[in-house]
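Structure first, then comments.
The values are calculated or read from the model by the stated rules, or taken from the named source; none is laboratory data. In this text the structure is predicted, and so the values were computed from the model without any measurement. Neighbour counts are summed over all protein chains in view; Cβ atoms, including those assigned to glycine, are modelled from backbone coordinates with ideal geometry.
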Amino acid sequence: MTEMVRKITLSRAVRIMQNLFPEEYNFYPRSWILPDEFQLFVAQVQMVKDGDPSWKPTFIVKPDGGCQGDGIYLIKDPSDIRLAGTLQSRPAVVQEYICKPLLIDKLKFDIRLYVLLKSLDPLEIYIAKDGLSRFCTEPYQEPSPQNLHRVFMHLTNYSLNIHSSNFVHSDNASTGSKRTFSSILCRLSSKGVDIKKVWSDIIS
């Protein structure tokens, strides 16, 4: 199971599932494995641009074995990838960046849920009823050459944002730069989101 915490192995596994169950796995962004698929990445991006000149993508590069946001960066074009020896020593996954994420308080955030896989055969899985949401510490703006480097805007990693002067420590579970998932659900519910459906989609 340790293979699943590595980005390349996870990306390959999700790709297999996308081929088998395309509708269920359409949430995963287009991804390429580097350096093996670098030329394919270049060719496919160019093909889409040729068909749609208005397409202005952003991509996020994530080192395979990285954690805590180490080595992650955003690019606007395949030519921006830091190729000089880096990928050979540290392979990576590059993904199409989601440029219009759901925001709370104008901030990008992520959700961490905790799952216990007890058995594969028979399949037995448990999911915790609550989790964590980690917030960026700089108001989100759509990616541009001027803000690609602003990690406090684009990356939700606690290990990065803790160093921001805007980081908010709070004893209140519904405020601050680290909140409970249940507080996020309450917030979404107040905006008219069907929380029961959200949970149903998660566990299914």
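Could you tell me whether Ala84 is among the aliphatic types (A, V, I, L, M), at pLDDT 90 or above and outside the structural domain of His149 (by TED's automatic domain parsing)?
On the way: among the aliphatic types (A, V, I, L, M): yes; at pLDDT 90 or above: no; outside the structural domain of His149 (by TED's automatic domain parsing): yes.
Considered against the rule, which asks whether it is among the aliphatic types (A, V, I, L, M), at pLDDT 90 or above and outside the structural domain of His149 (by TED's automatic domain parsing), Ala84 comes out as no.
Taking Ser204 as the residue in question, decide whether it is in contact with a Cys (Cβ under 8 Å, 6 or more places away or on another chain) and small (Gly, Ala, Ser). Step through it out loud before you land on a result.
Details: in contact with a Cys (Cβ under 8 Å, 6 or more places away or on another chain): no; small (Gly, Ala, Ser): yes.
So Ser204 does not fit the description; no.
Counting only residues that are more than 17 Å from the chain's Cα centre (by Cα) and either of a type in the set (Gly, Ala, Ser) or not assigned by TED's automatic domain parsing to the domain that holds Ile202 (or both), which one in region 87-117 is modelled with the highest pLDDT?
The first filter runs over region 87-117 and keeps only residues more than 17 Å from the chain's Cα centre (by Cα), leaving 87-91, 105-106, 115-117.
Subset that is either of a type in the set (Gly, Ala, Ser) or not assigned by TED's automatic domain parsing to the domain that holds Ile202 (or both): 87-91.
Working: Leu87: 58, Gln88: 58, Ser89: 63, Arg90: 77, Pro91: 88.
Among them, the one singled out is Pro91.
Among the numbered criteria (1) on the phi > 0 side of the Ramachandran plot; (2) touching a Ser or Thr at 6+ places or on another chain (Cβ under 8 Å); (3) not acidic (Asp, Glu), which single criterion is violated by Arg112?
(1)
Say we look at region 168-187 and pick out the residues that are within 20 Å of the chain's Cα centre (by Cα) and of a type in the set (A, V, I, L, M, F, W, C); which of these is nearest to Gly131 (Cα to Cα)?
Result: Phe181.
Picking from Ser133, Ser164, which residue would you name as being modelled with pLDDT of 95 or more, touching a strand residue (DSSP E or B) at 6+ places or on another chain (Cβ under 7 Å) and either in the same structural domain as Ile195 (by TED's automatic domain parsing) or assigned to a loop (DSSP other than H, G, I, E, B) (or both)?
On the way: Ser164 fails: touching a strand residue (DSSP E or B) at 6+ places or on another chain (Cβ under 7 Å).
The unique qualifying residue is Ser133.
When only residues in region 137-179 that are free of Cβ contacts under 8 Å to residues at least 60 places away in the same chain and among the β-branched types (Val, Ile, Thr) count, which is surrounded by the most Cβ atoms within 10 Å (Cβ to Cβ)?
Thr156
Being crowded, with 18+ Cβ neighbours inside 10 Å, in a helix (DSSP H, G or I) and modelled with pLDDT of 90 or more is the requirement here; does Val45 meet it?
yes
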